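Accompanying notes for the structure given below.
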């Protein structure tokens with residue numbers, strides 16, 4: 001399927017985008033963090049001041065790592081690295097020295113900006129470059145000076161903007177090179193299918209700003225529409241409910257675990273969410289049951305999309321205006337081709353209703369992996385990004401994700417997609433979370449094993465859950481065993497970690 005052609009305003013870079021917002025609304029509040037507020041005018045001045053400091057360290061054309069939790073400083077630093085003409089390298093501040101050390105060694109930054117919580121981590125690593133410590137609000141231009149313009153020249157569209165490391169399913173993380181053009185085009189592509197109200201949106205950021213989802217759907221979205229971004233240091237259901245009510249939040253971008261967690265939070269049913277207009281989901285599959293429960297509880301539909309770090313990151317979304325299909329990740333963005341192809345060769349394009357690997361092409365697709373030419377050649381073939389994800393289109397052109405190609409299990413010769421088992425288990429009235437994987441079996445090759453957690457106050461047994469699956473799934477898809485656990489392991493960005501389960 002192919003998206004349309006005409007895009008809303010495309011900026012040459014996100015630096016141009018922020019500068020435009022500041023010129024139009026210099027006195028409007030751009031960022032909230034706790035009791036601290038920052039206007040757009042001071043936002044861009046603070047970015048300019050830090051950018052010049054980075055340039056003095058030789059950052060232009062090089063890389064600067066960001067090892068920080070959510071804060072105003074993280075927002076300033078992300079834009080400042082770009083304004084300095086450098087490439088931002090966001091790193092999870094909760095990584096171990098081994099994990100962070102690999103990325104720093106591969107990216108070779110001239111400097112690493114970190115907060116106090118990450119001081120011990122980065123100070124012990126040889127490849128961190130010059131260390132710059134920030135904090136919640138340390139980078140704000142305290143003098144509110146008027147003589148702090150952005151440094152020139154500003155980045156060109158084809159300059160590298162971000163080096164985002166993605167772990168994939170196996171091996172070491174891969175650094176994804178993204179240019180300013182790719183990033184800016186994807187922001188406008190998102191705006192075309194999820195239009196915002198200029199100057200009026202209030203967006204809450206509870207997802208980690210070192211992750212591509214939060215940067216795209218929170219940080220950049222807010223600056224594009226010249227709205228206000230309310231930043232929370234971390235997810236906590238009570239705090240999130242209080243902030244959404246007090247700040248009259250209109251847009252909630254979050255991962256599925258946030259929505260599930262809120263629905264299972266006792267005080268959620270009395271939370272005042274009347275201001276909420278749009279809810280966006282990404283970064284992991286959203287169970288249909290969660291979507292249904294959320295809409296019943298709030299009257300607000302969750303719009304689910306699909307993409308990956310290599311894809312800019314967004315490829316498809318359920319449209320804000322038009323048909324929204326539960327269980328689907330929507331339609332391709334403008335100027336984006338998305339196809340499903342056969343799993344064996346990846347060359348035969350499949351019709352609607354046939355399951356295959358998803359491939360995509362468009363102006364937002366990555367430039368390639370850093371220092372990995374062979375991996376780049378495997379993933380980018382003849383202009384197409386091979387996503388490694390499995391899906392199918394329906395007759396209306398809506399994409400449905402079935403699973404990761406590498407997660408597919410083969411049970412007695414049959415292809416089984418664990419996502420389908422997850423979806424069935426989510427519909428059981430006692431199940432809060434579910435995760436199924438393929439495990440080795442001497443007879444069948446592989447069988448399915450699942451883990452579930454139960455909702456507060458609900459009870460079930462393995463036999464009951466297996467019987468429930470047997471009613472809803474073909475025999476070869478029914479798990480051989482189901483573990484009822486207190487928790488299911490998750491990554492630091494809130495995704496269920498099936499690699500850890502394996």
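Structure notes:
- Angle between the chain longest axis and helix 462-472 axis [Cα atoms, degrees, rounded to 10]: 80
- With respect to the chain, whose longest principal axis is taken over its alpha-carbon atoms, helix 180-193 is tilted by about 60°.
- Euclidean distance between Cα centres, the stretch 1-72 to the stretch 199-272, Å: 19
- Recomputing percent of Cα pairs over 28 Å apart from the coordinates shown identifies the correct label among [x] 76; [y] 59; [z] 53 as [z].
- With a Förster radius of 22 Å applied to the C-beta separation of residue 472 and residue 414, the computed FRET efficiency comes to 0.85.
- Of all DSSP beta bridges in the stretch 1-129, antiparallel share, percent nearest 5: 35
- Isotropic mean projected area of the C-alpha convex hull, the stretch 18-76 (nm²): 4.5
- For the stretch 179-225: relative contact order, % (alpha-carbon pairs under 8 angstrom, 6 or more apart): 42
- Alpha-carbon centroid distance for the pair the stretch 483-502 / the stretch 431-465, whole angstrom: 12
- Peptides 326-333, 242-249 ranked from most to least packed, by the mean per-residue count of other Cβ atoms within 10 Å: 326-333, 242-249.
- The stretch 148-236: C-alpha gyration tensor shape, a/c 1.5 cut-off, then a/b vs b/c: oblate
- The stretch 29-160 shape via C-alpha gyration tensor axes, a/c threshold 1.5: oblate
- Computed on the stretch 14-393, with alpha-carbon pairs under 8 angstrom and 6+ residues apart, the relative contact order is 14 percent.
- Label point distance in nm, residue 267-residue 497, each placed 7 Å from Cα along Cα→Cβ: 2.9
- Packing-based order for 127-138, 178-189, using average beta carbon neighbours within 10 Å, highest first: 178-189, 127-138
- With the highest mean first, a sort of the peptides 354-364, 451-461 on other beta-carbon atoms found within 10 angstrom per residue produces 354-364, 451-461.
- Each Cα pair under 8 Å and six or more residues apart adds its sequence gap; the mean of these over the residue count of the stretch 233-336 is a relative contact order of 21 percent.
- The chain: calculated mean residue ellipticity at 222 nm from DSSP helix runs of at least 4, using -39500 (n - 2.57): -7500 deg cm²/dmol
- Remark: the Cα gyration tensor places the stretch 408-501 in the oblate category, a/c being 1.5 or greater and a/b not exceeding b/c.
- Computed from Cα atoms, the angle from the helix 40-56 axis to the main principal axis of the chain rounds to 80 degrees.
- Available extension along the chain between residue 55 and residue 463 is 140.6 nm, counting 0.36 nm per residue and deducting the alpha carbon span.
A short reminder: the numbers here are calculations on the coordinates, not readings from a lab. Just so you know, these numbers come straight off a predicted model, no measurement behind them. Using ideal geometry, Cβ is built from the backbone for each residue, glycine included, and neighbour counts are taken over all protein chains shown.
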